[in-house]
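Asker: One structure follows; several queries about it will come next.
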Amino acid sequence: MTTTTAIAAKSATVSCCTTEGGTYTAIAGVNSCKVGPKFEWLDSTNFATTAGTSDYTGAVQRIPGLTDVDCSFEADYIPGDTNGQTLMLARCPGGASQGTTLWFKVIPTGVAGEGWRFEAYIDIDVNLSVKGKAEASYKLVCNSKPQLDNAA
């Protein structure tokens, strides 16, 4: 059996604003997004315990530490986009507000209670030779605890 069409994937809305609780603006041209809230796992293995005691497991033991978010997305590069990309470009190196953060929301379409909101710095790579159009890769460097958010 030959498959000729891709499996339909759920889409997501990536939006940003300048302050927590402010008005979020959807970022135009987003083609794909990866988001991964996570813990930094801390080794809590007690090497002082010995075989035969109730604390001895013979394996690494961990506890959750600080939280973080890995988030990146690919978009058509639209430097004049007033729906988000201009806010991000201003915060990239060389921009008028370089080195300042934005608040982001990543909400999967049609999935209640399954999205995240966080504050982040922005890194950008622009590819000017992809199939005749410019594309941007944005990496968000989290600067706050990720929060569950299902508001659009």
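The values are calculated or read from the model by the stated rules, or taken from the named source; none is laboratory data. Please read all numbers here as calculations on a predicted model, not as lab measurements. FYI the Cβ positions are ideal-geometry reconstructions off the backbone, even for glycines, and counts take in every protein chain you see.
Asker: Could you grab me the full set of residues in region 30-43 that are surrounded by fewer than 17 Cβ atoms within 10 Å (Cβ to Cβ) and under 15 Å from Tyr138 (Cα atoms)?
Answerer: Initially, region 30-43 is screened for residues surrounded by fewer than 17 Cβ atoms within 10 Å (Cβ to Cβ), giving 31-32, 34, 36, 38-43.
Result: Asn31, Ser32, Lys34, Gly36.
Asker: Quick check: anything in region 115-136 assigned to a loop (DSSP other than H, G, I, E, B) and either more than 18 Å from Cys16 (Cβ to Cβ) or at pLDDT 90 or above (or both)? Before you say what the answer is, go through the steps one by one.
Answerer: Just the residues of region 115-136 that are assigned to a loop (DSSP other than H, G, I, E, B), to begin with: 115, 131-132.
If we keep only those that are either more than 18 Å from Cys16 (Cβ to Cβ) or at pLDDT 90 or above (or both) as well, we get 131-132.
Yes: one or more hits.
Asker: Go through (1) out of contact with any Pro (no Cβ under 8 Å at 6 or more places or on another chain); (2) at pLDDT 85 or above for Ser54 and report which single condition fails.
Answerer: (2)
Asker: Follow-up. Tell me which residues, restricted to region 59-85, are crowded, with 16+ Cβ neighbours inside 10 Å, outside any strand (DSSP E or B) and of a type outside the set (Asp, Glu).
Answerer: Within region 59-85, Tyr77, Ile78, Gly84, Gln85 meet the criteria.
Asker: Quick check: anything in region 18-29 at pLDDT 85 or above, within 22 Å of the chain's Cα centre (by Cα) and not in a loop (DSSP other than H, G, I, E, B)? Walk me through it before giving the result.
Answerer: Start the filter on region 18-29 by keeping residues that are at pLDDT 85 or above, which leaves 18-20, 22-29.
Narrowing further to those that are within 22 Å of the chain's Cα centre (by Cα): 18-20, 22-29.
With the extra rule that they be not in a loop (DSSP other than H, G, I, E, B), the set shrinks to 25-26.
Yes: one or more hits.
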